[in-house]
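*Asks:* Sharing a structure below in structure tokens format, with a few things to ask.
All of the numbers you see were taken from the coordinates with simple rules; none came from a lab. The structure presented is a predicted model; accordingly, all values stated were derived computationally and were not measured. Don't worry about glycine lacking a Cβ; one is built from the backbone with ideal geometry, like all the others, and counts go over all protein chains shown.
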Amino acid sequence: MTGPLIAMIAKLLTGASARWVDCQPDTCQRVYFANHTSHLDSLVIWSSLPGVIRNLTRPVAAKDYWGKTMLRRYVAGHFNALLIDRKDIKVHQSPVDLLLREIGSVNSLIVFPEGHRSAGTQIGAFKSGLYYLCKKRPDLEAVPVHLDNMNRILPRGEFLPVPLLSCITFGPPMWLETGEQKADFLDRARENLLRLKDA
Amino acid sequence: MISDPITWIFVAGVLLLLGVATTVGHFLKGQPESGLNPAMVQTFNRRIRAWWLLCSLVAAALFLPQSATVVLFGLLAFWALREFITLTPTRLSDHRTLFWVFILFTPLQFVLVGLGKYDLYSTLIPVYGLLFVTARVAFSGDPKRFLERTAKIQAGLVLCIYCLSLAPALLYLNIYSTADIRQLQELPQGADLVPQPYGKNPLLLFYFVFVVQMGDALQYLWGKILGRRVIAPAVSTTRTWEGMLAGSGSTALLGAALYWATPFNEWQAGCICLVIALAGFAGGMAMSAIKRDRGVQDYGTLVVGHGGVLDRIDSLCFAAPVFFLLTKTFFTLP
């Protein structure tokens, strides 16, 4: 009950409208990767998925934000967030393994391969996590998700959102090609994401 | 109110007209070989849908308490402001100013309208909103393009919130016909037969919205038929002098023909409708200019998937203050 309510509030607050371009909502295991401009990103992408898929999808969110207060922890718990501590990443406990263990063979993930929020509308270089996810699980569909205007609804350093309108575009799925190099794959993923901006 | 036959006739007439328009639109959609531009048919159908929405909004005013109508208009204004600010480039340092604009000024304006506090709601946004926005942007510590930024936010606040809030404010006026006002002023104190106020304010609101929307349609229609001289090609390629004058003129005739629903007589209704049709046209021009500056076709396409509320109510935003002022000045007791 709380889940759909949180999704509804998130959609009303951010005026989010979802568009699926050359891609359909599906319950198969996916990694949704998006540009990161606001703390609300993971919540809003999760909220804009159809109910059935939403229940199967776990957004990766920053522990230092979503674990901070009671309310945030409560909301994060109800949108299935996987809280990752960005300061506490160790070699023997890589977050990629942790994520793959968490999703098992049913759940999908929402990740932000830029690593941290970009200040403006620029999309930064991708960190390698997305590549390792796809390398260890080549069956995962990587779906680019472009977020528009979220950085104005809750910019970095602000804690009160302004209820403007935003748009979420889901693009065509992609896979890691056999023998594709890390840099090539990450570039290709970033290109696919950038293309959604004008789609 | 609901038992009043005039209200029923008016509402039934509007519903009939909308029903006919919907049927025609549906028929045209199924006739691809009719020779009409399919994009035009689509625009027509989308407009009809928007009219249904707007008309149900004001029709609801006939049955709901006044405060519910104010809330509905408040939501409409809130959505319009959302579109306006989304379209307007603001700097990150304006974030907190915008927060107060949305969270404080927007609801407060409609609360004051709902309480009927004319002195407060007529000055809140034009005066105190302006002072607040200017000061808050200064406090943000970012002087870059200061006046431009404050002007943008203030324009959104006035056009979307203040102007639109004056439409439901009509519901709270004590409206008399001019003949009754003259009689009231001449009456000795304590007279027996005191003229009663008009009392059908929700119907007047319905009349206003209907006339403005018909003005839009007639200006567009006459522009298509007669349009030769485009007013400002860089702003809008479809708005012509002929469309403006013929459209507003025919709106005035329509408004005069419907005078029986209002406290006005035929001439007053005609003149008032002429003025609000012209104001509505001006609103369309102004919003077009903003859209062209931002390089978008519709407010709806800016954030894909949204209907573009502002595209539909731009004329209402400009006509509402004019209609409110005329009604308050000439048809209420001083």
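*Asks:* Within chain B, which whole H helices from DSSP have a Cα span along their axis of at least 18 Å and a mean Kyte-Doolittle hydropathy of 0.0 or more, if any?
*Replies:* Long hydrophobic helices here: B:5-29, B:38-63, B:66-87, B:201-226, B:241-257, B:266-294, B:309-331.
*Asks:* Can you bin segment A:2-196 into rounded, prolate or oblate? Criterion: square roots of the alpha carbon gyration tensor eigenvalues sorted a ≥ b ≥ c, rounded for a/c under 1.5, prolate for a/b above b/c, oblate for the rest.
*Replies:* The shape class here is rounded.
*Asks:* Considering only Cα-Cα distances, which of the following residue pairs are longer than 32 Å: A:Lys63/A:Lys182; A:Lys68/B:Lys152; A:Lys197/B:Lys152; A:Lys63/B:Lys291; A:Lys63/B:Lys152?
*Replies:* Violating the 32 Å limit, Cα to Cα: A:Lys68/B:Lys152; A:Lys63/B:Lys291; A:Lys63/B:Lys152.
*Asks:* Starting with the highest mean, order B:90-99, B:178-187 by the number of other Cβ atoms within 10 Å, averaged over the residues of each peptide.
*Replies:* Result, highest mean Cβ count within 10 Å first: B:90-99, B:178-187.
*Asks:* Cross-link candidates for B:Lys200: which lysines have Cα within less than 16 Å, leaving aside residues fewer than 8 places away along the same chain?
*Replies:* Output for B:Lys200: B:Lys328.
*Asks:* Taking only Cα atoms and a 10 Å spring cutoff, compute GNM fluctuations for chain A and point out the largest among A:Ser166, A:Ser128, A:Ser105.
*Replies:* Comparing A:Ser166, A:Ser128, A:Ser105 in the GNM, the peak value goes to A:Ser105.
*Asks:* Name the residue farthest towards the positive end of the dipole of segment A:50-199 from the options A:Pro173, A:His116, A:Leu196, assuming +1 on Cβ of Lys and Arg, -1 on Cβ of Asp and Glu, about the Cα centre.
*Replies:* Toward the positive end, the furthest listed residue is A:His116.
*Asks:* What is the distance in Å between the Cα centres of segment A:25-56 and segment B:101-122?
*Replies:* 38
*Asks:* Rg/Rh for the protein assembly as shown: what does it come to with C-alpha atoms and Rh from Kirkwood?
*Replies:* Computed over Cα atoms, the ratio is 1.05.
*Asks:* By the gyration tensor of its Cα atoms, with a ≥ b ≥ c the square roots of the eigenvalues, what is the shape of segment B:168-209: rounded for a/c under 1.5, prolate for a/b over b/c, or oblate?
*Replies:* Since a/c reaches 1.5 and a/b is larger than b/c, the shape of segment B:168-209 is classed as prolate.
*Asks:* In terms of the Cα gyration tensor, with a ≥ b ≥ c the square roots of its eigenvalues, is chain B rounded because a/c is under 1.5, prolate because a/b exceeds b/c, or oblate?
*Replies:* Because a/c hits 1.5 or more and a/b fails to exceed b/c, chain B counts as oblate.
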